[in-house]
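Enquirer: Below is a structure I'd like to ask you about.
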Amino acid sequence: MDNRQVIGSWLSGPREAAEQAGADFGYRGAQLGLPEEGPGSIARPGRRLGALAVDWGLCLLIAYGLLTHGYNQTTGNWALLVFLGLGFLTVGTVGFTPGKRLFGLRVVAEGTGRVNPLRAVVRTVLLCLAIPALIWDRDGRGLHDRLARTVEVRI
């Protein structure tokens, strides 16, 4: 075996090496029965991070202006509590936060399509812990989505 192939497979990761060996993973969302492109397809990471940044900025602005009356050490803590409330109320009722709506995303339940409030609570609490959101499966869903049995899709 040529050393360049060994280094190339190591840099490309296990998915690339498995695909070269003949494994067919399909596209993101194929296991869930979602389309590959367009409305209803799995949301891409860039859009998800953009929506998260908008939501966090909005929560920080609310905490800064309404709760702490200026920026101090507790502003970030209050912003996290506002983020929890925002997630509970908006994802549990309409399926998206202001940032998700701005980026054309929606959170749906795996089987039913509508996220019940309990799933929204589980998803939001795990999202605030940050570590579950950083662990992804091959469909691009975070651990917080898998445990809450939800999917973030394009509108």
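Enquirer: Average projected area of the Cα convex hull of the chain, in nm²?
Expert: The Cα convex hull of the chain, projected and averaged over all directions, gives 11.3 nm².
Enquirer: Quick check for you: with a 1.4 Å probe and neighbouring chains kept, what is the accessible area per residue of the chain, in Å²?
Expert: Per residue, the chain has 60 Å² of solvent-accessible surface.
Enquirer: On to the next question. Name the trypsin sites (Lys or Arg not before Pro) in region 58-124 that are in a loop by DSSP and that have at most 15 other C-beta atoms within 10 Å, would you?
Expert: R114
Enquirer: Once you've got the GNM for the chain with C-alpha springs shorter than 10 Å, pick whichever of V91, V122, V108 has the biggest mean-square fluctuation.
Expert: So, out of V91, V122, V108, the one fluctuating most is V122.
Enquirer: Can I ask one more? Could you give P(r) for region 12-83, binned at 5 Å from zero, as whole percent values over all Cα-Cα pairs?
Expert: Bin by bin from 0 Å, the calculated values are 3, 15, 13, 11, 12, 10, 9, 9, 9, 6, 3, 1.
Enquirer: Using Cα springs under 10 Å in a Gaussian network model of the chain, which residue among A18, A63, A130 shows the largest mean-square fluctuation?
Expert: Looking only at A18, A63, A130, the biggest GNM fluctuation is shown by A18.
The values are calculated or read from the model by the stated rules, or taken from the named source; none is laboratory data. Model, not experiment: these values are computed from the prediction. Here the Cβ is made from the backbone with ideal geometry for all residues, glycine too, and neighbour counts use every protein chain on show. Only protein heavy atoms, including side chains, enter the accessible area calculation; ligands, DNA and RNA are left aside. Shrake-Rupley method; radii C 1.70, N 1.55, O 1.52, S 1.80 Å.
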